[in-house]
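Only one structure is covered here, and it is reproduced in the block below.
The values are calculated or read from the model by the stated rules, or taken from the named source; none is laboratory data. Values in this document were obtained by computation on a predicted structure and should not be read as measured data. Here the Cβ positions follow ideal geometry from the backbone for every residue, glycine too, while neighbour counts run over all protein chains shown. Accessible surface is based on the protein model in full, side chains and every heavy atom, while ligands, DNA and RNA are left aside. Shrake-Rupley method; radii C 1.70, N 1.55, O 1.52, S 1.80 Å.
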Amino acid sequence: MEKVHTTCIYCGCGCGLLLHVEDGRVVGASPSPLHPMSLGRLCIKGWLAGEFVDHPDRLRYPLIRRGDRLSRVTWEEALSLTAASLRAIAQELGPNSLGVLTSAKGTNEENYLLMKLARAGLKTNNVDHVARLCHAPTVAGLSYAFGSGAMTNPIASLAQATAILVVGSNTTEQHPLVASYILEARGKGARLVVADPRKTQLAGLADLRLAPRPGTDIAWINALLNVIIQENLIDQEFIDARTEGFDAVRQTVLGSTPEAAERISGIPAHDLAEAARIFGSAERAAVVYAAGITQHTTGTDNVQALANLVLATGNIGREGTGLYPLREHQNVQGACDMGALPDLYCGYQKVAQARQKFEQAWQTKLPDEPGLTALEMLALAEDGRLKGLFIVGENPMMSYPDSSQIKKALEALEFLVVCDIFPTETSELADVVLPAASFAEKEGTFTSTERRIQRIRRAVKAPGEARAEWEIISDLLHRMGVPADYASAAEIMEEIASLTPQYGGVHYDRLGACGLQWPCPSRDHPGTGILHAEKFSIGRARFRAVEHREPVEAADDEYPLILTTGRSLYHSHTGTMTRRTSLLDREVPLPAVEINPEDARLLGIRNGQPVMVETRRGSISLEARVTEDTPKGSIFVPFHFSEAPANVLTSQALDPVSKIPEFKVSAARIRRS
Amino acid sequence: MSEYIPRLAEIVDIDIESPNTYLISLKLLDNENFSYKPGQFVMVSVFGLGECPISITSSPTRKTLQLCIRRAGKITNGIVDCRVGDVLGIRGPYGNGFPLERMKKNIIIAGGGSGFATLRSLVNYIVDRRGAFGDVAVAYGARTRQDLYFMQEYKSWQQAGIDVGITVDIGDESWKGDVGLVTALIDKFRLSAGSAAICGPPVMINAVAKKLMDKGFDHSDIYVSMERHMKCGVGKCEHCMIGPYHACQDGPVFSYDKVKSVL
Amino acid sequence: MAFLPQERLVPLLTLLSDRMEVVAPILVEGVPVFASWSGQPLALKDNPLMPPQEFFLPQREVLFRYIQDCGSYSFEEAAGKARLIFGIRPCDLRALAVLDRIFGSDPMDQSYFDKRRSTVLVALNCNEPGENCFCDHLGFGPTCSEAVDLQLTEIDKGYLVESGSPAGILILKEHPEFFLETSQSHLLEKCEMLGQAREAMNSCIARSLPGIKEAIKKADWNALGRTCLNCGSCTFVCPVCHCFTIQDLGVPDGERMRCRDTCLLSGFSRMAGGANPRISQGDRMQNWYLDKFEYIPQRTGLLGCVGCGRCSRVCLAEMDRWSLEVKR
């Protein structure tokens, strides 16, 4: 039995784990005691991370659509058809009729190559990925406020906090290792405030629980700031020395009294005042947030509101303080770092400013026209203006909002290539399907939500003819006339390091079991745990006044409930891996809509009864789960289940800045079926 | 050979018992002996879907091995979706079964819902060995008339001199019999204290046991067949633990005094 | 009994590895693990986080393959492979003794015993307890209390080797060139070493069997259940825990897999109809403790806890696994 040190593929925590290999097969997994964050611990998904690898459903051979069937072909056939089709579309309609959706499940090397393929190969900036749907507001919001869109501190730093505000994060279920550090701090006496419309496990353990009406976060966060200013709990010295724009914020929140916020958010004013005192008077306060903050049309403003709170109290740049955005996929951070974004190259270098640098490095001309975001690409596809799409490791049919709209867009494409490890609802629509190696079958790096760049290592052979994505993309780059003779993933990292300042000192031989936290500009640099300790990269951190705006959809007579979507502890995203893992599938085998007992009684709905949930976009059928954990007036649907795909219901209303859709608020109704 | 390798059995007949329940008759392909006791169970495999515990519904006094299967999940759905001629895997019989050697001659058998499936094995066993038993009564309740199993057999039980009481929770115009709880049926019987065999939902088991104890039954003479999640059937996988006991080996039949705290 | 000089250990293992797979604690990216040994430096300081239980009860294993032909099925089983596990510690050995009784009870679990029989165990007594160890408080360790093929105790300049089975004696007899005669002083040295280990253990952790039993009696299981993060780690690292599920992979041909399970998940005891006899996380945690300290002793005569302390190392909820006190 061999053991191979690698990194978990589920959430952004990025825990270290070992895969156990016997006779060429993954037979188990266990935690890595040396990992600086996970310290020999794992959540249930991590323990079972190796199980889906040898599932019989894995894609094994390249497939090409012949009529309504996908037939097995050779790699040569599949790749030459892909290259020829993409070239033909570009010739006819221009390069911007093509697009690439990369994957937050792919490695840094693969995201980098895909970004290079789009820009240097296909000559378009139309490249984006699922970060658009979870943390684009974090990238936009925190880049503006602090100069970097990343988590400010290592996760372990949370254990030193004396007060923690958790907002819109079901931490114990979605990021269990982060929850572990929160519980450690709580055990040592830290005060815990949890704001979530649902009564999460962490909310049950909180000193104070705030239950805002969905979509009213700015209102109550501004009220916290209002109290903090009124009671002089601000850190004036920090504000003067290291920030700018505080006066405008002070003006704006003047009217945001707890009483005013109570009218908007439904949180009692005295709770808001108490929360403000807990946070404002703490020696070291931290803010943890996740998609509950970002997946709104006010996502970027929500993030800024939290940044304002942290800056006003001087809770940044020190151990136990800071802002902790929790990324959903294990490599959303890395995919963003690698520039799988329409306006940025790797290292967040703006297309407008860094184009020459990359033209020189890649020895080719690069497009200057700004690219499109994921949903913009699909909208153009529906109009027939975007004809060819290359999707790697994403399943928009399940994970993007308003599925019927997505389906129309994908069906309107002239040519769709999907590269994945399992057949998905999206690959069913593809013209070419390319089988990829899973994390256990290839080399590469992931960057966790705490900016930790760490290796995955090959433990077993890929099934059938499946290949690592970096090899597939190299092959396509080559066919598109861009030299790409990478002998290994490590070689790709060398190129990344040479072009990405934050990754300048990242080399495979340095990564070991612990990885490196960026920024790590040079080979002798130890990496950076706490950001913004001495100064912000933009000089002074920026306050920006933000105000409450109502969500696009409100409950009305026709659709009287507010639907939020989210995830369960036992599943990841669209369930392609977790639903193929025995214990996880058994734990939550079926989709269910959570509804408050009072609403259920009014509608005559019993626990376990089949119901239909409808919004203006569509309807799904599933079981009702009657629970006090969901507040009155709201319902909750997890989006892992293809038999009741939650995103049939959600809308494509977008945040104007970051273009994230409003997954967390849709007007809905529910009835017995 | 591994205990986990099942024997193969062909489905020779499928009867519909209720809208979601089927009586499946099996023939073992190895033609070897298959001996069992009323109250035992087998692990049934649908290859590709998995394995689950199913109590034996037939009596060992009769030729055909029968299982009564209700649609309740992936595997049971897989079994009932089979056709005559399809091959299943069978391991067992497992479990202790009803302790016929220790049971008194006068017996009351009380079942609720799908729990009655395992009791039918005992009823038919008594019918076929009638001389060995004294006063025997059967009390059986289901949700509606459509949910009642084995309706065509009640008459043969009565003909064997067994008191048979049937009740439903929700009556309709097609139902002329009793409506109400199984405990109400028991009140109707002329009972002399003896042994009891019960299977059904925990609430029903407790109610019946209490009623019987009121009527002079000793709690150690009341035998309950317990349902539990099972995977191995041989006391290793630990799914079916009831305190220190394993339902698959120490049970599924327990005397009431041993399990009343978990019911 | 014999003396194995320090420098002859690796050559002896090398020789044995010609005949069978040798498993030993080695470092993978610096992490000590039990894995196939082929000359890597041995990592004998700490007992690895994952016990060698997985060589008998892997997290996932094929029980048999089913092959469909004309609607009927035939089955194939894999044969066990010859293996030597070097460096198993007394606690993990004790855990195997518990498993032997459980998997050996009628009907015997063939798949487990195939591996058990084809494996030679060479134990290493503990000179230095780990920071969470408390085997001595449970009445055994840090030396082997179970029959084992060979047990080694590190003493000055080498190991005292004691055989406990024909397979162990055979190794001593077949390879006399590696071993030296022992003297009374070697034995004394061993006793002294182990006495020191005991003392070190007792001075660092105050835990006792009556104390643990009392804590179990007094625990507020609901409050503990509310903080449990359902990770299952305590059950996955426990050398005695052995819950498994059985699952099929593939149609029409495929594999019936035995997969490690954990009684702390609600689906573990939930029945097909949805009813669950252990409905809350507190119920499930209580059952875990009762199993170890009451039920397993009733079944096997041995405690279901071996004092390795692994569960307290991995608890995501940062619980004190032994005082069972609720923090705030």
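Would you check if A:Val73 is away from chain C (no Cβ under 11 Å) and buried (at least 20 other Cβ atoms within 10 Å of the Cβ)? Walk me through how you get there before you give the answer.
Numbers: away from chain C (no Cβ under 11 Å): yes; buried (at least 20 other Cβ atoms within 10 Å of the Cβ): no.
No; evaluated as a whole, the condition is false for this residue.
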(message) Which of the numbered conditions does A:Gly204 fail, given that it passes all the others? Conditions: (1) within 23 Å of A:Thr216 (Cα to Cα); (2) assigned to a helix (DSSP H, G or I); (3) touching a residue at least 12 places away in the same chain (Cβ under 8 Å).
(response) (3)
(request) Identify all residues within the range B:246-263 that are of a type in the set (Gly, Ala, Ser), open to solvent by less than 10 Å² (accessible area, probe 1.4 Å) and more than 10 Å from chain C (Cβ to nearest Cβ); write none if there are none. (result) B:Gly251
(request) Please specify each residue of the range C:35-52 satisfying the condition of being within 8 Å of chain A (Cβ to nearest Cβ) and in contact with an Asp or Glu (Cβ under 8 Å, 6 or more places away or on another chain). (result) C:Ala35, C:Ser36
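Please state which one of A:Pro610, A:Pro591 is surrounded by fewer than 20 Cβ atoms within 10 Å (Cβ to Cβ), farther than 17 Å from A:Pro214 by Cβ and not small (Gly, Ala, Ser).
On the way: A:Pro591 fails: surrounded by fewer than 20 Cβ atoms within 10 Å (Cβ to Cβ).
None of the other options fit; the residue is A:Pro610.
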(request) Could you tell me whether the range A:53-63 includes any residue that is closer than 21 Å to A:Glu471 by Cβ, open to solvent by 10 Å² or more (accessible area, probe 1.4 Å), more than 14 Å from chain C (Cβ to nearest Cβ) and in contact with a Leu (Cβ under 6 Å, 6 or more places away or on another chain)? (result) yes
(message) Kindly evaluate B:Tyr125 against the criterion of being touching a residue at least 60 places away in the same chain (Cβ under 8 Å) and more than 20 Å from B:Ile11 (Cα to Cα).
(response) yes
(request) Of the numbered conditions (1) open to solvent by less than 10 Å² (accessible area, probe 1.4 Å); (2) among the hydrophobic types (A, V, I, L, M, F, W, C); (3) at the interface with chain C (Cβ under 7 Å from one of its Cβ atoms); (4) closer than 16 Å to A:Leu584 by Cβ, A:Cys43 fails exactly one; give the number of that condition. (result) (1)
(message) I need a count of the residues in the range A:610-634 that are more than 17 Å from A:Gln201 (Cα to Cα) and assigned to a strand (DSSP E or B).
(response) 12
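Which members of the range A:383-393 meet the condition of being open to solvent by 10 Å² or more (accessible area, probe 1.4 Å) and part of a loop (DSSP other than H, G, I, E, B)?
Kept after step one, since they are open to solvent by 10 Å² or more (accessible area, probe 1.4 Å), are these residues of the range A:383-393: A:383-385, A:387, A:393.
Across the range A:383-393, the qualifying residues are A:Gly384, A:Arg385, A:Lys387, A:Gly393.
So, of the residues in the range C:98-117 that are among the hydroxyl-bearing types (Ser, Thr, Tyr) and within 16 Å of C:Arg258 (Cα to Cα), which turns out to be farthest from the other protein chains (Cβ to nearest Cβ)? Walk me through it before giving the result.
Going through the range C:98-117, the residues among the hydroxyl-bearing types (Ser, Thr, Tyr) turn out to be C:105, C:111-112.
Adding the requirement that they be within 16 Å of C:Arg258 (Cα to Cα) leaves C:111-112.
Working: C:Ser111: 6, C:Tyr112: 8 Å.
Applying the filter and picking the extreme gives C:Tyr112.
Could we say that B:Gly85 is over 22 Å from C:Phe244 (Cα atoms) and within 14 Å of the chain's Cα centre (by Cα) here? If you could, list the steps in order and put the result at the bottom.
Numbers: over 22 Å from C:Phe244 (Cα atoms): yes; within 14 Å of the chain's Cα centre (by Cα): no.
Against the criterion (over 22 Å from C:Phe244 (Cα atoms) and within 14 Å of the chain's Cα centre (by Cα)), B:Gly85 does not qualify.
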(message) Yes or no: the range B:74-83 includes at least one residue that is within 12 Å of chain C (Cβ to nearest Cβ), open to solvent by 50 Å² or more (accessible area, probe 1.4 Å), more than 14 Å from B:Glu17 (Cβ to Cβ) and part of a loop (DSSP other than H, G, I, E, B).
(response) yes
(request) Please state which of the following conditions C:Ile212 fails to meet, knowing it meets all the rest: (1) of a type outside the set (Gly, Ala, Ser); (2) assigned to a helix (DSSP H, G or I); (3) open to solvent by 10 Å² or more (accessible area, probe 1.4 Å); (4) away from every other protein chain (no Cβ under 14 Å). (result) (3)
(message) Can you find a residue that is closer than 30 Å to C:Gly250 by Cα, assigned to a strand (DSSP E or B) and at pLDDT 90 or above anywhere in the range C:79-92?
(response) yes
(message) What are the pairs with Cβ atoms under 6 angstrom where one residue, in the range B:62-81, is at pLDDT below 90 and the other, located anywhere, is not hydrophobic (A, V, I, L, M, F, W, C)? Sequence gap at least six, or different chains.
(response) B:Ala72/C:Gly273
(message) Return the residues of the range A:589-634 that are within 19 Å of C:Ser266 (Cβ to Cβ), within 13 Å of chain C (Cβ to nearest Cβ) and either free of Cβ contacts under 8 Å to residues at least 24 places away in the same chain or among the polar types (S, T, N, Q) (or both); say none if nothing qualifies.
(response) A:Pro589, A:Asn607, A:Gly608
(message) Just the residues that are touching a Cys at 6+ places or on another chain (Cβ under 9 Å), among the hydrophobic types (A, V, I, L, M, F, W, C) and either within 9 Å of another protein chain (Cβ to nearest Cβ) or in a loop (DSSP other than H, G, I, E, B) (or both), please, taken from the range B:212-235.
(response) B:Met226, B:Met230, B:Cys232, B:Val234
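Find the helices (runs of 4 or more DSSP H) located wholly in the range A:214-315 whose residues include 3 or more that are under 22 Å from the mean Cα position of the chain (by Cα), and list them. First the steps, then the outcome.
Values: elements: A:217-230, A:236-242, A:246-253, A:258-265, A:269-280, A:291-294, A:299-312.
Of the helices (runs of 4 or more DSSP H) lying wholly inside the range A:214-315, those with at least 3 residues that are under 22 Å from the mean Cα position of the chain (by Cα) span A:291-294, A:299-312.
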(message) Please determine whether any residue of the range A:94-113 is open to solvent by 10 Å² or more (accessible area, probe 1.4 Å), of a type in the set (D, E, K, R) and closer than 26 Å to A:Arg455 by Cβ.
(response) yes
(request) Run C:Cys311 past the list (1) assigned to a loop (DSSP other than H, G, I, E, B); (2) open to solvent by less than 20 Å² (accessible area, probe 1.4 Å); (3) more than 11 Å from chain B (Cβ to nearest Cβ) and report the number of the one that doesn't hold. (result) (1)
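Considering the range B:23-52 alone, what residues qualify as being open to solvent by 40 Å² or more (accessible area, probe 1.4 Å) and either away from every other protein chain (no Cβ under 14 Å) or of a type outside the set (A, V, I, L, M, F, W, C) (or both)? Write out each step before concluding.
So the first thing to find is which residues in the range B:23-52 are open to solvent by 40 Å² or more (accessible area, probe 1.4 Å), and the list is B:27, B:29-33, B:35, B:37, B:49.
Passing the criteria: B:Lys27, B:Asp30, B:Asn31, B:Glu32, B:Asn33, B:Ser35, B:Lys37.
Looking only at the range B:53-73, how many residues end up being among the β-branched types (Val, Ile, Thr), under 18 Å from B:Ser114 (Cβ atoms) and more than 13 Å from every other protein chain (Cβ to nearest Cβ)?
First, the residues of the range B:53-73 that are among the β-branched types (Val, Ile, Thr): B:54, B:56-57, B:61, B:64, B:69.
Subset that is under 18 Å from B:Ser114 (Cβ atoms): B:54, B:56-57, B:69.
Okay, now just the ones that are also more than 13 Å from every other protein chain (Cβ to nearest Cβ), so B:56-57.
Count: 2.
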(request) Mind listing whichever residues of the range B:173-210 are in a helix (DSSP H, G or I), aliphatic (A, V, I, L, M) and within 22 Å of B:Val259 (Cβ to Cβ)? (result) B:Val182, B:Ile186, B:Val203, B:Met204, B:Ile205, B:Ala207, B:Val208, B:Ala209
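Restrict the check to the range A:187-196 and report whether at least one residue is more than 14 Å from chain C (Cβ to nearest Cβ) and of a type outside the set (A, V, I, L, M). Break it down stepwise before answering.
Taking the range A:187-196 and keeping what is more than 14 Å from chain C (Cβ to nearest Cβ), we get A:193, A:195-196.
Those still in the list that are of a type outside the set (A, V, I, L, M) too: A:196.
Within the range A:187-196 (the criterion being more than 14 Å from chain C (Cβ to nearest Cβ) and of a type outside the set (A, V, I, L, M)), the answer is yes, since at least one residue qualifies.
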(request) Considering each residue of the range C:100-124, count those that are surrounded by fewer than 23 Cβ atoms within 10 Å (Cβ to Cβ), under 30 Å from C:Gly158 (Cα atoms) and of a type in the set (S, T, N, Q), and give that number. (result) 1
(request) For A:Glu411, state whether it is out of contact with any strand residue (DSSP E or B) (no Cβ under 8 Å at 6 or more places or on another chain) and either under 21 Å from A:Asn111 (Cβ atoms) or outside any helix (DSSP H, G or I) (or both). (result) no
(message) I'm trying to understand the selection: among the residues of the range A:481-532, which are under 15 Å from A:Trp362 (Cα atoms), of a type in the set (Gly, Ala, Ser) and crowded, with 17+ Cβ neighbours inside 10 Å?
(response) A:Ala484, A:Ala497
